[in-house]
1. Out of the stretch 27-40, which residues are open to solvent by less than 80 Å² (accessible area, probe 1.4 Å) and in a strand (DSSP E or B)?
2. Mind counting the residues in the stretch 123-146 that are closer than 15 Å to F324 by Cβ, within 16 Å of the ligand (Cβ to nearest atom), out of contact with any Leu (no Cβ under 7 Å at 6 or more places or on another chain) and not small (G, A, S)?
3. Is there a residue being surrounded by fewer than 19 Cβ atoms within 10 Å (Cβ to Cβ), out of contact with any helix residue (DSSP H, G or I) (no Cβ under 9 Å at 6 or more places or on another chain), among the small types (G, A, S) and under 17 Å from T94 (Cβ atoms) anywhere in the stretch 323-337?
4. Taking I329 as the residue in question, decide whether it is under 26 Å from S221 (Cα atoms) and in a strand (DSSP E or B).
5. Within the bounds of the stretch 57-67, is there any residue that is under 27 Å from K346 (Cα atoms), assigned by TED's automatic domain parsing to the domain that holds K327 and open to solvent by 90 Å² or more (accessible area, probe 1.4 Å)?
6. Hey, can you tell me all the residues within the stretch 194-220 that are touching a Pro at 6+ places or on another chain (Cβ under 7 Å) and either small (G, A, S) or at pLDDT below 95 (or both)?
7. Which ones in the stretch 156-189 are open to solvent by 10 Å² or more (accessible area, probe 1.4 Å), within 16 Å of the ligand (Cβ to nearest atom) and modelled with pLDDT of 95 or more?
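The values are calculated or read from the model by the stated rules, or taken from the named source; none is laboratory data. Bear in mind the structure is a predicted one, so any value in this text is a computation, not a measurement. Positions of Cβ are backbone-derived with ideal geometry, glycine not excepted, and every protein chain shown enters the neighbour counts. Quick note on the areas: whole protein, heavy atoms, side chains included, nothing else; ligands and nucleic acids left out. Shrake-Rupley method; radii C 1.70, N 1.55, O 1.52, S 1.80 Å.
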Amino acid sequence: MNIKELFIKLLKFKSITPNDDNAFQFIKNYLNQFERIEINKNGVKNLFLYKKFGDGEHLCFAGHIDVVPAGDGWNSNPFEPVIKEDGTIIARGTQDMKSGVTASLFAMKNATFNGTLSILLTSDEEGEAKYGTLEVLKHLKKINFLPDYAIVAEPTCETEFGDAIKIGRRGSINGIIELFGKQGHAAYPKKSINPIHQIASILPKIAGKNLDNGDNYFAPSKFVITDIRAGMEVTNVTPGYLKLMFNVRNNTLTDKNSIKNFVDTHFKNLDYKLTLSESSKPFVTNPSSKIVKLITSAIEETTSIKPKLSTAGGTSDARFFGEFGIKTIEFGVINDTIHAPNEYTKLEYVEQLSEIFQKVINSF
Ligand SMILES: [Zn+2]
């Protein structure tokens with residue numbers, strides 16, 4: 001089976017989160033020389049295939065077989081790939097991320113390696129991601145089999161294939177500030193405590209402010225207000241309660257504690273309550289680590305482009321690998337139609353992606 005046939009085969013599975021539509025059965029057969037661990041929980045299927053070639057380090061490829069629903073606006077059946085003369089392939093999952101899964105599997109199929117080679121696939125990345133990659137990593141930790149390095153084949157390129165890899169991701173922290181005042185008549189402001197008036201002078205000091213200066217790999221963490229409400233939509237009553245919601249996409253210089261201190265500094269004289277929840281932690285893989293160097297030179301050799309090292313964007317399953325201390329990078333095809341109708345990529349990119357993965361495997 002050549003790489004084009006493999007790609008088309010995977011695209012035809014209607015693997016809408018968290019259903020794998022039997023794609024995992026196919027993949028198990030495809031890599032039948034690998035041993036397997038399967039962890040299925042709450043309707044989510046996870047497949048971990050591994051092979052120990054030697055005593056060297058453990059390199060793991062990772063990704064998700066699930067896709068988001070097709071939605072409207074397609075010019076063709078999203079699960080019947082259309083291939084144009086110039087190699088463009090249109091189908092759901094071409095970018096996010098059956099291209100990456102195809103390239104990984106194809107690179108592993110006939111590989112030889114000096115350590116352990118594995119692939120971790122989940123059917124729930126696009127959903128809650130609660131019982132996916134995280135469950136498998138917990139299990140691998142328990143049996144003392146965590147990889148040393150991971151390559152997550154999510155689409156990372158911006159305008160040209162080869163122009164960007166991700167070496168980290170920002171975290172995300174959500175917050176709620178509740179301000180308690182005393183409701184009253186608009187005509188007697190002295191008899192009440194108006195939380196809108198209280199927060200008015202604070203807002204310019206917090207709205208959109210940087211919580212740190214960023215560093216070489218991360219932009220500054222920003223305090224972004226997403227909602228403020230108080231009052232009952234009348235003009236003669238001042239409210240006794242105000243609620244403000246915010247989000248911080250934080251780098252490694254800012255954490256829950258520093259956000260708490262920032263809020264305390266500005267609200268310290270008021271009656272307020274702060275609630276913080278961390279939905280993901282930031283991570284960064286050292287640019288001088290082996291995995292970053294190897295993938296960078298493989299990309300340069302294959303595409304003649306020097307990729308930039310990025311940490312931009314939302315969260316991905318790479319965060320879980322980061323949390324377990326695994327040196328993780330992400331690299332995949334151009335990301336410009338993910339989750340959109342008529343999602344497409346080029347066969348050439350998938351071939352090159354697999355070639356790059358093969359080079360990394362061979363030079364490890
Ligand atoms: Zn994805």
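1. I37, I39
2. 1
3. no
4. When the stated conditions are applied, I329 passes them.
5. No; the residues of the stretch 57-67 include none that is under 27 Å from K346 (Cα atoms), assigned by TED's automatic domain parsing to the domain that holds K327 and open to solvent by 90 Å² or more (accessible area, probe 1.4 Å).
6. Scanning the stretch 194-220 gives a single hit, G214.
7. Our first condition is that a residue be open to solvent by 10 Å² or more (accessible area, probe 1.4 Å); within the stretch 156-189, this holds for 158-161, 163, 166, 169-170, 174, 176, 178, 180-189.
Add one more test, that the residue is within 16 Å of the ligand (Cβ to nearest atom), and what stays is 158, 166, 169.
Listed by number, the residues that qualify are E158, K166.
One line per residue, one yes/no per condition, for (1) out of contact with any Pro (no Cβ under 9 Å at 6 or more places or on another chain); (2) in the same structural domain as T122 (by TED's automatic domain parsing); (3) surrounded by fewer than 23 Cβ atoms within 10 Å (Cβ to Cβ):
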{"position": "V263", "(1), (2), (3)": "yes, no, yes"}
{"position": "S288", "(1), (2), (3)": "yes, yes, yes"}
{"position": "I299", "(1), (2), (3)": "no, yes, no"}
{"position": "I305", "(1), (2), (3)": "yes, yes, yes"}
{"position": "N342", "(1), (2), (3)": "no, yes, yes"}
